[in-house]
Amino acid sequence: MFAAAAIAFAFLLFPIVAIFSRVSPGRLVAQLSRPVVTDALVLSLETSAIAQALVLLLGTPAAYLLATRRFRGRSLAVVLVELPLVLPPAVAGIGLIAAFGRFGLLGGTLDAFGIQLGLTQAAVVIAVAYVSSPLYVRQAIAAFEAVDTDLVAASRTLGAGPVRTFFRVVLPLARRGLAAGEALSFARGLGEFGATIMFAGSLQGVTQTLPLAIYQQFNVQPDGFTTALAMSALLVVVSGALLVALRVSLSWQPSRPTSRFLFAPSR
């Protein structure tokens, strides 16, 4: 058992260790000052922040509805929410083009309003939101399902309306699960590659996020691999810092004992 666990941990950690072992820290820092790196980092953070704001705004009420209502077709709705998780990235990108591209289902309508999404930062935001939102919504469903319904009923009995009950009772009780889902969604969106390059392209300073810049620099000789390593290390640091910050912040929040696992499954 311990041998299997050691092999599993080594398998997961070895590629990450290898990234930081190939280039000295000084050379990594020097590579990170290049414009291609800074442009990609700024764009990734901007588009991911906007995408996650949309995910929170639209995904939270959708998750609450699916968690608290039992209706015909609910199981199908949950499956549709989870479907982008299992779609190959290229398929997700093609789907976005077919839906929102110039000649897509909504392309004519958008074009009539002078809106063209392809090869724009808006396309990056849509791609990131599309692939990352299921991680938040699914975790939010689990968090809302875990809220004690007796407390919700007591709030309504004491005269609080549904909106006030949601913000004053439900959200505070579900905050741990919502924060965990948002962290995972943000990290997934920050690393998005396939759907973004298919739908938005890879234009430096316009649509080229960190994963796209890594792929581009990987094919540049002779120093491209070094730059790709530096950007990969940066992405690992940002993602790791995000998860560590979440762990620390959740440990400061008083709540009843829960599972030691950060992303607990739904009931």
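Here, each number is a calculation from the coordinates, and none is a lab measurement. Quick caveat: nothing in here was measured; it's all calculated off a predicted structure. Here Cβ is always computed from backbone atoms with ideal geometry, including for glycine, and neighbour counts include all displayed protein chains.
Can you give the convex hull volume per residue for the Cα atoms of the chain, as a whole number of Å³? Don't jump to the answer; show the numbers that get you there.
On the way: hull volume 47.5 nm³, N = 267.
Taking the convex hull of the Cα positions in the chain, it is 178 Å³ per residue.
Which net charge results when you count Lys and Arg as +1 and Asp and Glu as -1 among the other residues whose beta-carbon is under 15 Å from that of T209?
Numbers: positive: R188; negative: D39, E46, E192.
Net charge in that neighbourhood comes out at -2.
Under a crude label model (7 Å from the Cα following the beta-carbon direction), how far is A160 from R69 in nanometres?
For A160 paired with R69, the spin-label model returns 2.1 nm.
Positive end of the charge dipole of segment 32-251 (Lys, Arg +1 and Asp, Glu -1 on Cβ, about the Cα centre): tell me which of V206, V78, L43 has its Cα farthest that way.
The listed residue farthest towards the positive side: V78.
What does the net charge come to around F186 if you take all other residues with beta carbon closer than 15 Å to its beta carbon, with K and R at +1 and D and E at -1? Kindly include the intermediate steps, with their values, before the conclusion.
Working: positive: R138, R188, R247; negative: E46, E182, E192.
Net local charge, F186 excluded: 0.
Determine the relative contact order of the chain: mean sequence separation of Cα pairs under 8 Å and six or more apart, normalised by residue count, in whole percent. Don't skip to the answer; put the middle values down first.
Details: 305 pairs, mean separation 77.4, N = 267.
Once normalised by length, the contact order is 29 percent.
Dipole magnitude of segment 32-251 about its Cα centre, charges +1 at Lys/Arg Cβ and -1 at Asp/Glu Cβ only, in debye to the nearest 20?
740 debye
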